[in-house]
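Step one of this worksheet: look at the structure below.
The values are calculated or read from the model by the stated rules, or taken from the named source; none is laboratory data. Small disclaimer: the values here were computed from a predicted structure and weren't measured. Note that we place each Cβ from the backbone using ideal geometry, even for glycine, and neighbour counts take in every protein chain shown.
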Amino acid sequence: MLQQPIQPVSIRTPQRVCELSWFSDLCGEDTEFLSLRDPARSTFAHCRNIALKADQLGFSNLLLPTSYMPGQEVVPFAGGVAPDLQQISLLTAIRCGEMHPPMLARTLASLDHMLQGRLTINIINSDLPGYREDADFRYQRCAETIQILRQAWTQDRIEHDGPVYGKISLDTSPIKPYQQNGGPLLYFGGTSPGARDVCARYCDVFLMWPENEEMLYANMQDVAERAAQYGRTIDFGLRIHVIVRETEAEARAWSKHIMSKFDPVRGAALKNASQSSWSLGVKRQNELREGADSDGFVEPLLWTDIGKARSGAGGALVGSADQIVEKINRYMDMGMRAFIFSGYPLLEESEYFARLVLPRLPNVSMPVVQRRI
């Protein structure tokens, strides 16, 4: 672990605040037992209930993932649930290349109006379903998509000429978002140098997956330095699972419970079904787990057995309320400002987190913070 005191990296939001977000698993992985699917938990009604509960409990934002798996797709789900939400924002995952960028800008602008400005975007740079694409091509496509979105939301015309989308010349009056100060914030996660460069140059929040403190801090330093080369600062966030209880023993007992029916063959099959299962980020999650102790911990509170059955974020914070609050404060000392938590199962774990942790941290809406600066 890092030694105190921690020197925070250069960030856009210097105030010691954080955005505490939850997760609605549209991709069919919400379950009580890892490696066992529960189809009843991937229906529109169940995912809607998670969104409503997170809104009611006071979470700032809600990540809606995208994947070519059984479950719900992001934009139609977000549009369907938007009228029922009162204060929570929606962090909608958008995979570049799936929609013509000007029409994507119009779609997201419409969704932003439905949410009255409570829309944030998680830019996804992975391969399109069914393809294995050249990495440099994906970075270029991603950069052009963001360039077009920014022009659409901030200028009178889109005037684009790039190797992926060619020449585009369009009036932008049909695609203005509710947020008139630049449009929705862009969150982005990536491990490769090319992906990090895209985030440093164009996006607002760099999202990381679980790693030990030294690795997370090094990631933040790298991306902050890249952003500085473009004359920018960005914020940093962490996408991670959590098990929090009154005591550490109770939390660890639940980690054993959700692994009690684990089947390695089923777990591998579920993990490999994801579009990101072969990505560099998932490879790093696998490597992290190799250094775990016999109970799956790679450092105090950081448990990695979740990565045996799911792609993406493969670790969880496991501990008492006091321990989890202390750990999040350490992350904030490093410069993290956005946290996206989830648990197994999602509805029940959101209530534990909201009762034991949420009131003890300076939870704010990141878009509001960004606008003040």
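For region 98-142, filtered to residues that are within 15 Å of GLY190 (Cβ to Cβ) and of a type in the set (Gly, Ala, Ser), the residue that is modelled with the highest pLDDT is ALA135. Of everything in region 133-147 that is over 22 Å from the mean Cα position of the chain (by Cα) and assigned to a helix (DSSP H, G or I), the residue that is surrounded by the most Cβ atoms within 10 Å (Cβ to Cβ) is PHE137. For GLY183, the conditions (1) in a helix (DSSP H, G or I); (2) at pLDDT 95 or above; (3) out of contact with any strand residue (DSSP E or B) (no Cβ under 6 Å at 6 or more places or on another chain); (4) over 22 Å from ALA135 (Cβ atoms) are fulfilled apart from (1). Exactly one residue out of TYR187, TYR202, TYR178 is surrounded by fewer than 18 Cβ atoms within 10 Å (Cβ to Cβ) and of a type in the set (Phe, Trp, Tyr), and it is TYR178. Scanning region 316-349 for residues that are in contact with a His (Cβ under 7 Å, 6 or more places away or on another chain) and not in a strand (DSSP E or B) yields one hit, GLY343.
Screening the candidates LEU356, LEU346, LEU270 for the property of being touching an Asp or Glu at 6+ places or on another chain (Cβ under 9 Å), surrounded by 22 or more Cβ atoms within 10 Å (Cβ to Cβ) and modelled with pLDDT of 80 or more yields one hit, LEU346.
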